[in-house]
1. Using alpha-carbon pairs under 8 Å, 6+ residues apart, how would you state the relative contact order of the chain in percent?
2. Through the Karplus equation 6.51 cos²θ - 1.76 cosθ + 1.60, θ set to phi - 60°, convert the phi angles of segment 154-170 into ³J(HN,Hα) values in whole Hz; use x for Gly and Pro.
3. Tally Lys/Arg at +1 and Asp/Glu at -1 over every other residue whose Cβ is under 15 Å from the Cβ of residue 6; what's the total?
4. What residue among 40, 51, 76 has the largest mean-square fluctuation in a Gaussian network model of the chain, using Cα springs under 10 Å?
5. Could you name the lysines in cross-link range of residue 171, using Cα to Cα under 24 Å and dropping any fewer than eight places away on the same chain?
6. Name the residue farthest towards the positive end of the dipole of the chain from the options 67, 253, 28, assuming +1 on Cβ of Lys and Arg, -1 on Cβ of Asp and Glu, about the Cα centre.
7. How tilted is helix 15-26 with respect to the longest principal axis of the chain? Cα atoms for both, answer in degrees (0 to 90, nearest 10).
8. What's the ranking of 3-10, 196-203 by average number of surrounding C-beta atoms within 10 Å, highest first?
Amino acid sequence: SLKGKIAVITGSNSGIGLGVARELARAGADVVINSFTDNKEDHDLAAEIGKEHGVTARYIQADMSKPDQCRALIEKAGACDILVNNAGIQHVAPIEEFPTEKWDAIIAINLSSAFHTTAAALPMMRKAGWGRVVNIASAHGLTASPYKSAYIAAKHGIVGLSKTVALETAKEPITANAICPGYVLTPLVEAQIPDTAKKYDMTEEEAKQKVILERQPSKEFATVEQIGGTTVFLCSPAADQITGTTISVDGGWTAL
Ligand code: NAD
């Protein structure tokens, strides 16, 4: 059980981050939910998770595109035994048309935020004598596709960052790994369906099956519960010697 552990999950008011937060809470961890918004629903969501699993669940607003706010998130949490760097955005365009602001935002949110939160969290993990860094990378942290230059650069980057953190903590009871999901049906992916359907002149259902899941041999989306369960596994004693590596949850994508 993760009872007594405090988990901070960045970008966790929706999608994979929310699924990971729910599974960590189910395993007994106290959780900090985060996004850049500060709505009543955000705080209600934390209260609901806390109530459902009998753990302390808080919502802390912080914009992961801002280095000082990344560090402030960890400071406000007060302790961080489990750090899940999940916040991420996507933009699809050929390199020569890729807006510089989008490149900068993707690198900041999908990659640099993890550098800042990790730098702030490691001293707390060392003080506690235990820690887990789980970075939500992607199959696109291991392979590429056209038109996703910033996302793929950031995801390959976070895989490299995970390995470096693992080496810097290798002699301590701290591990750092990256989970590499294939396609998971979340708002981030749903938002790509209409454009994909339009581009290939297909229905949205055909776009899902023939285009989006084209590279996922299982032809099924992974679920947020599976990504959450993999995170819980990385926090279990069975994973004490698993560090500096990637775990793919991609229906065979990277085996192709
Ligand atoms: P999502 O859009 O549902 O969730 C993204 C989360 O990040 C949201 O909670 C959002 O509020 C938050 N966020 C965005 N910008 C932020 C900012 N500036 N500061 C703080 N929080 C911010 O998307 P998702 O599919 O759940 O993606 C979560 C992570 O999983 C991302 O890193 C994504 O790259 C990765 N991933 C997703 C898939 C997939 O198929 N869905 C596959 C591989 C990897």
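All of the numbers you see were taken from the coordinates with simple rules; none came from a lab. Being a predicted model, the structure only gives us computed values, none of them experimental. Cβ sites come from the backbone with ideal geometry, for glycine too, and all protein chains shown count toward neighbours.
1. Values: 534 pairs, mean separation 49.5, N = 256.
Relative contact order for the chain comes out at 19 percent.
2. Computed from phi, the couplings for segment 154-170 are 5, 6, 4, x, 6, 5, x, 4, 4, 5, 5, 4, 4, 5, 6, 10, 4 Hz.
3. Surrounding charge for residue 6 is +4.
4. 40
5. Partners found: 5, 127, 163.
6. Farthest towards the positive pole: 28.
7. Tilt of helix 15-26: around 30 degrees.
8. Working: 3-10: 22.9, 196-203: 13.1.
My ranking of the peptides, most packed first, is 3-10, 196-203.
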